[in-house]
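Laboratory data are not the source of any read-out in this text; all were calculated from the coordinates shown. All values derive from a computational prediction rather than experimental measurement. Heads up, the Cβs are rebuilt from the backbone with ideal geometry, glycines too, and the neighbour counts pull from every protein chain shown.
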Amino acid sequence: MIKSVLLLFIVFFQIGLFSIGGGYAIIPLIQEQVVNAYEWLNVQEYTDIITISQMTPGPLVVNTASFVGMRLAGVAGAIAATAGSILSGTIISIALYKFFKKYKNIDSIANVLKGLTASSVGLIASAASTIILLAMVGTSSLKVENFHLDVVAVILFFVSLFALRKYKLNPILIMILSGIVGLFIY
């Protein structure tokens, strides 16, 4: 039990260390560790945890760490995973604050930040495509033989997107309505 709690802390500390961009940009990195490297969860379980983490208050990585830790090692696992994800980000934030405060007028530093911003956009796009593929075709793989198009999910996606963009409806209202539709259809 102590080994698994320590491993959860170490893994989520590492995730926190490399979570440049935060939020959606961190989803592929967490998936790589939790699903692929350690096989603590399968892709569907991971997607469910990400969905719940997005709906609960707080940062995505902290919520995900808490859920994964709780699932694997109970309360001690949740505390260890959450502490690991928070501690690394805190250390990095303090160090970066001091660094950028001292060297804020150097052009090369500004260029590094621009490069990090661009990579964050790519990570967010990767996370979005994974979630869309899982929701609409049941897999995150791009192999055609694995595709099983869920027509209802596709329609619900485009109706929600249309309502958000055209009528500027509240996203929370759209999530509630989509959940109600899903309750009756699925």
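Structure data summary
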quantity	calculated
Loop trypsin sites (Lys or Arg not before Pro), segment 1-107 (other Cβ atoms within 10 Å of the site Cβ: 14 or fewer; DSSP)	K104
Rounded to 10°, Cα long-axis angle of helix 60-103 versus longest principal axis of the chain	50 degrees
Gyration tensor verdict on segment 63-186 (Cα atoms; rounded if a/c is under 1.5, prolate if a/b is larger than b/c, oblate otherwise)	prolate
Segment 107-186: trypsin sites (Lys or Arg not before Pro) in DSSP coil with no more than 12 other Cβ atoms inside 10 Å	K143, K168
Distance (nanometres) between label positions extended 7 Å along Cα→Cβ at A135 and T56	2.0 nm
DSSP-assigned coil residues among chymotrypsin sites (Phe, Trp or Tyr not before Pro) in segment 1-55, each with at most 16 further Cβ atoms within 10 Å	F18, Y38
Segment 1-135: Rg to Rh, with Rh as the Kirkwood radius over Cα pairs	1.01
